[in-house]
Each structure stands twice: as C-alpha cells, then as structure tokens.
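The values are calculated or read from the model by the stated rules, or taken from the named source; none is laboratory data. Bear in mind the structure is a predicted one, so any value in this text is a computation, not a measurement. No Cβ is skipped: glycine too gets one built from the backbone with ideal geometry, and neighbour counts run over all protein chains shown. SASA here: full protein model, heavy atoms, side chains in, ligands and nucleic acids out. Shrake-Rupley method; radii C 1.70, N 1.55, O 1.52, S 1.80 Å.
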Amino acid sequence: CELTYATDKNYAGGGLFDILKYNPYIDHLIPWQEAKRDRYHLYADITTVGLARERKGLPFVNRIDMFAEYVGVKLTDPTPVYVVTSEEVTWAKSMINQWTKGQPKKIITVHISSNDERRNWPVKNYIDLISQLNAKRDDLFWIIFDKHTKGSWGLKNTFDASHFALRPKAALINAAQLFVGPDSGLLHIAGALEKPIVSLFGSTPPEARINHYVHAEAVMASIMCLRCFPAGTPIYAAADGTVYATG
C-alpha cells in the first residue's frame, strides 16, 4: 500500500511539513486541500479526533493511541518518528562548538512556552532555574527557544536560538543531553528523538502526553488547575494564585 499524509502546508511557517519531510513511512506528503476522499481506499481525517475524547470525566488517553485506534492500526511501537539528516547533525555540532568555544559542556535545550498559555511556566522561573544551576555548575550550556523575548537573555552559558526555524531547532535538540519545557511541539520532537526530557505540567495530564517517551519525567505542583485541561473546568492558575476558568 501507499501512504499519503495531508496537513496544513502553511501552518507555523511550514512547520508541519518540515516535521514529516524525511519520514520513511510516508510515500506522499500533500496540502490538506488536495486530499480527496475518492482517491483512496482508506481515508481518515484525524483533525478533531481528540475533541470527543478529551472531556471532563473521561480517562486521559494519549493522542498517539487515539489516532491509531481511529484509523484501525495496532502499534507495536508508539514512539513517533522524526529524522535528523546527517547534514543537520554536522551543522548542530558545529554551531554548539562555536557557542561553547570548544569547551566540553552538557547541552540543555529549553523551550519556554507552548502556543497554549495554560501550559506555560512564567519566564522568570526559567531565568531563576538557569541562574541557580549556573551558580552551582560551570559545565552546563543552555540553548533557549523563546517566542517572548528578543535577543540575548543576558545569562552566562546561554544562546538564544528562538529565531531558528523548526528543523534547526530539532537538530539542536538532537545534539543536546536534555530537553526542558512544557507540553509543546518541541517536547514531542524530543520524545521522538528519545532524548531525556524534564517536562513541566499543570493543566494538561502528563499520562496522556509523555507516557510513550521512555526518558521523559513530568514535574507537577499541587495547584488547583492540575490536570484540568478538559473543557468546563478551571484551566490556569497564575503565580499570584488567581485561577482563570473556562466559560
């Protein structure tokens, strides 16, 4: 059989296409507008599969499992696939060597925020985390992905790579020893690359997001909005204790 995958070619600057660009299991990658039902023996639209399953009172289910069940596939290995090319591997090593001035460092990639504000940790907390660890250790180097700030963070042993496109970011994640961040797209690329992950969770349940990633650890706090992602429940607790709720 031949597998055609259709997605939004323009979303996030073409990021969805870039993720699947070298996937060996996909024969044809096309814009979703070109996916016509009558061209295929099996046609499955997974766009809204999660909407019916991620609701208050229902058990948390990983979307990988949701999608597989919907299209009638039993997965022997649920780990996602992301391919870093040999050229990208070489580029990432070269860039890191340039930033660290050739000194041996443990590389940590830090993604500051998801597109969904409910999932985010305040930026100040990341600054405090990096500052405290830098004060204790000289062997760490931090690569930052942050859509909020412009330019350098002003911290030692850091490089702000926020302006890089998705595939260079993924190559840097692949070259790192650790990924830190919230429930986000880059987290799932780190999971596909089987990198060690420390992920921050609040409103979304980690057991439905990272349970298929063998090297992933979730960090959670005892706050009101914990695991309250489904609609109709409180969704976000601010640092001052204010809780924002859905309508």
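Give me a count of the residues in region 61-71 that are assigned to a loop (DSSP other than H, G, I, E, B) and either open to solvent by 70 Å² or more (accessible area, probe 1.4 Å) or touching a Pro at 6+ places or on another chain (Cβ under 6 Å) (or both).
0
Collect the residues in region 171-215 that are within 13 Å of the chain's Cα centre (by Cα) and charged (D, E, K, R), keeping them in residue-number order.
Passing the criteria: Asp183, Glu194, Lys195, Arg209.
Quick check on my filter: what residues within region 72-110 are of a type in the set (Asp, Glu), open to solvent by 80 Å² or more (accessible area, probe 1.4 Å) and modelled with pLDDT of 95 or more?
Result: Glu87, single match.
Picking from Ile189, Ile197, Ile173, which residue would you name as being of a type in the set (A, V, I, L, M), farther than 23 Å from Gly57 by Cα, touching a residue at least 24 places away in the same chain (Cβ under 8 Å) and in contact with a Leu (Cβ under 7 Å, 6 or more places away or on another chain)?
Ile173
Working carefully through the options Ser152, Ser162, Ser184, find the one that is open to solvent by 50 Å² or more (accessible area, probe 1.4 Å) and either modelled with pLDDT under 95 or over 19 Å from Ile127 (Cα atoms) (or both).
It is Ser152.
I'm told Lys93 meets every condition in (1) over 30 Å from Phe159 (Cα atoms); (2) among the basic types (Lys, Arg); (3) assigned to a helix (DSSP H, G or I) except one. Can you identify the failing condition by its number?
(1)
What residue, among those in region 46-60 that are in a loop (DSSP other than H, G, I, E, B) and either basic (Lys, Arg) or open to solvent by 90 Å² or more (accessible area, probe 1.4 Å) (or both), is modelled with the highest pLDDT?
Only one residue tops the list, namely Thr47.
Output the strands (runs of 3 or more DSSP E) that fall wholly within region 129-200 and possess 1 or more residues being under 18 Å from Ile96 (Cα atoms), or say none.
140-145, 158-160, 178-182
For Pro230, all conditions in the list (1) surrounded by fewer than 18 Cβ atoms within 10 Å (Cβ to Cβ); (2) at pLDDT below 95 hold save one; what is the number of the exception?
In the conditions (1) surrounded by fewer than 18 Cβ atoms within 10 Å (Cβ to Cβ); (2) at pLDDT below 95, Pro230 misses (1) alone.
Among the residues of region 15-26, are any small (Gly, Ala, Ser) and surrounded by 11 or more Cβ atoms within 10 Å (Cβ to Cβ)?
Looking for residues that are small (Gly, Ala, Ser) and surrounded by 11 or more Cβ atoms within 10 Å (Cβ to Cβ), one finds at least one in region 15-26, hence yes.
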